[in-house]
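Please treat every number below as a calculation from the coordinates, not as lab data. These figures come from a predicted structure and were not determined experimentally. All Cβ positions, glycine included, derive from the backbone under ideal geometry; neighbour counts span all protein chains shown.
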Amino acid sequence: MPTKNCQLHHSKGSDKESYVSSLLAKMTLQEKIGQMSQLNNDAEKLDESIQKGLVGSVINEVDVIAINRLQKIAIQESRLGIPLLIGRDVIHGFNTIFPIPLGQAASWSSDIVELCAKIAAIESSNNGVNWTFAPMIDISRDPRWGRIAESLGEDPYLCSTLGTAMVKGFQGNNLSDSSSIAACAKHFAGYGASESGRDYNTTNIPENELRNVYLPPFKAVADAGISTFMASFSDLNGIPATGNKWLLNDILRTEWRYSGPVVSDWESIPQLVTHGFCADKESATFEACDAGVDMEMASDNYAQHLISLIQNDKISIEQIDTMVSRILKLKFDLGLFYSSFTESPSSTVHLNDFHLSHAKQAATKSCVLLKNNKQTLPLSKNTIDTLAVIGPLADDGYEQLGTWAFDGKASDSITCLSAIKDYVKDSVDVKFSIGMETSRSNNDDGFDEAINIASAANIAIMILGEEAILSGEAHCRSNINLPGYQEELINAIYETGTPIVLVIMAGRPITLQPILPKVDAVLFAWHPGTMGGPAITELLFGEECPSGKLPVTFPRAVGQIPLYYGQKNTGRPPSEETFVDINTIKTKAPQTSLGMTSTHLDTHYSPLFPFGFGLSYTQFDYKNIKVSEYCVPMGKSLKVEATITNTGDFDAEEIVQLYIRDLVGSVTRPVKELKGFKRIYLAAGQSETVIFVIHTDELAFYDRQMKFKTEPGLFNVWIGGNSDTELKTEFEVFCTEHDEKI
Ligand code: GLC
């Protein structure tokens, strides 16, 4: 670990409050506003601005020599020598790239996610980065939205749990450790509800839904000690988050008592004018500052307009001092006043064996087996003579990294093709055909070669999906099928009669229904990162057993969206009894009342694959669910257990999930809510009784009066391997006389 040089000899134990307040007292108004400004590393006159004390942070610089140079200007040439925050989107790795966050979420493992973040912090801090804009914890229920790739999925409990793990990984036990970096909760709040899955679009979220679904992960990471928040671009119920005082002050500061700094998103302050929320940039500056955005990212409205707002008593100097203090305290917590230079990165840090082995482990645990007909998988190199590897993502080290991987290099990746060749060595003849130039190619020019090698092979491994450009910020799709002619390519290979193992790399759920009957097995790998090739290979050949579970629902058709497991029951819930597929009615269909329940005429109401779904090479049997007591006094806990047996031939891991349903609430409640999960290992034939403990406080929700509390009544509880589980029992929460008085 690089030791940062000491340049300011402050005793580490000096009291933060007194240090910051004494520094603040020395600062001019210009210097205070300077701390509230974050400039991009290519900003004009950056050195001069830093020298004048007009820059609190620089974003997007990752070269250690350049960073040390900027820090030296700030510390040794500016009047007060205040060091810089160096921010970067270290979203799922720095040089070692891990699966995209949605993929990491499919591991359902806090340990894996935390270590990914820890390694990312080690590598990025080794270059002088001390602030990342992660975790992105926007609840995402619309796979048309490109940023679902950066999220931890559709569920508040899973997102809260794994988001907290990421914070611990990035920040470590002590923010001033040289390998710790400040984390950032983004995008506060409700961004994932962007209408039609179009990025930056309007969000209309009733307060009850906001509090019960979208805010919990932010509250969880705030309670976990995350260092910073980022205000979202999005218009929240008519008031853009970046200018939303109810959100940034009443909720974040008053209710949650959060004290860390809030940074805007990229130019989201001047965008308040574009929203039509402010008439000009001065009023945008006022609204953002008054709402509680402490630092402006990339644009210069604070620098341009804050002084006049203060001179005209629109913003008080006390407000400015409070905001600047938050920034200075973060720098103090990071130890930047004590040491902020970084020695040149040691070569043993980046992409070292341990980092790469964890990248493989994370990718292995993130892959989700969606189909495995007739136990096609795992393959055996002893029974295959010729293997066809086909597809535009089979040998592309860049595309497998996914979105937000700017500091990862394609040349460091190990692709599926190279890993497969390395694995089978001379025992199998591996033929490769890209089949299509890109995942978006709209022609069959490369099909003949692919057909030829498939025809001569025992099995075809097709590695398809989305290039990275189809995923991430501003990369939304109105259709979420396999892009280009990939479905046609699958059909062409299907016609050869050679069995197909389909591996998909993508940044979102894909509507696979059209091709599912044509393939024998499907392994969903997300964008798996640097070590995607070895991870996928070891899974395909049975060196590892798939254990990932979906953190997001896979719809049958894009028209079903939004479709998520925690839906409300409605007054006319769908059911098999009432669903009528209009396509099965061949005759003329008079205008009669069909079904009269909440379904579509042309698509079954269920998902293609439900939240929490994932197959294994073995099978798990769930039985004997029971509760420790049926009647649970408010304020107490109950145990829920079930026995899981590995009834197959493979030793394997299973992610056991616990769901509840509050059958009657003062506001309607979801038909299922995840409230616990455990990753267990069972040898073939082994059984284990898994016990969950639930406290009645964990059943609380925001009611009509926005009071957060648990209501007495009947609850269903399930334990299973996905959200469709039917292994269920029930319990009742009751109030004691004492509770009744509350
Ligand atoms: C982007 C994103 C945000 C990111 C920031 C800095 O526009 O919305 O998530 O952290 O700008 O790159």
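Only beta bridges with both residues in region 363-540 are counted; by DSSP, about 15 percent of them are antiparallel. Taking 0.36 nm per residue of separation and subtracting the Cα-Cα distance, full extension of the segment from GLN513 to ASN173 would add 117.8 nm. Couplings for region 28-36, taken from phi via the Karplus curve 6.51 cos²θ - 1.76 cosθ + 1.60 with θ = phi - 60°, read 7, 4, 4, 5, 5, 5, x, 5, 8 Hz in order; Gly and Pro are left as x. Simple spin-label estimate for LYS639 and ARG69 gives 6.4 nm between the two label positions (7 Å along the Cα-to-Cβ direction from each Cα). Secondary-structure-derived ellipticity at 222 nm for the chain, considering helices only, amounts to -7000 deg cm²/dmol, per-run term -39500 (n - 2.57) for DSSP H runs with n ≥ 4. Close amide H contacts of ALA185 (hydrogens built in the peptide plane, cut-off under 5 Å, sequence separation of 5 or more or a different chain): THR228, PHE229, MET230. Please sort through the DSSP H helices of the chain and keep those with an alpha-carbon extent of at least 18 Å along the long axis and a Kyte-Doolittle average not below -0.5. Length and hydropathy pass: 110-125, 156-171, 317-333. The residues packed around LEU215, meaning those with a beta-carbon under 13 Å from its beta-carbon, carry a net charge of -4 if Lys and Arg are +1 and Asp and Glu are -1.
Counting other Cβ atoms within 10 Å, keep those with at most 16, restrict to DSSP loop, and tell me which GluC sites (Glu not before Pro) in region 442-519 are left. Hits after loop and neighbour filter: GLU495.
Of the trypsin sites (Lys or Arg not before Pro) found in region 247-330, those in coil by DSSP whose Cβ has at most 14 other Cβ atoms within 10 Å are ARG257.
Take the Cβ-Cβ distance between THR28 and LYS245 as r, set R0 to 35 Å, and report the resulting FRET efficiency rounded to the nearest 0.05. The value I calculate is 0.80.
Counted by Cβ distance under 14 Å from ASP396, the other residues give a net charge of -4, where Lys and Arg count +1 and Asp and Glu count -1. Strictly over 19 Å apart at the Cα level, which of LYS186/LYS245; LYS245/LYS331; LYS568/LYS672; LYS186/LYS709; LYS118/LYS360 would you flag in this model? Cα-Cα > 19 Å for LYS245/LYS331; LYS186/LYS709; rest within. If you take the Cα centroid of region 14-54 and the Cα centroid of region 595-665, the two points sit 53 Å apart. Taking R0 as 45 Å, what FRET efficiency do you get between LYS52 and GLU698 from their Cβ-Cβ distance, rounded to the nearest 0.05? Calculated value: 0.30. What whole-number distance in Å separates the alpha-carbon centres of region 164-187 and region 252-321? So the two Cα centres are separated by 25 Å. Between GLU77 and SER308, the C-beta separation translates, for a Förster distance of 41 Å, into a calculated FRET efficiency of about 0.90. In order along region 73-78, the phi-based Karplus estimate (6.51 cos²θ - 1.76 cosθ + 1.60, θ = phi - 60°) of 3J(HN,Hα) comes to 4, 5, 8, 9, 10, 7 Hz; Gly and Pro are listed as x.
Rounded to the nearest Hz, the phi-derived 3J(HN,Hα) couplings of region 672-677 under the Karplus curve 6.51 cos²θ - 1.76 cosθ + 1.60 (θ = phi - 60°) are 7, 9, 5, 10, x, 7, where x marks glycine and proline.
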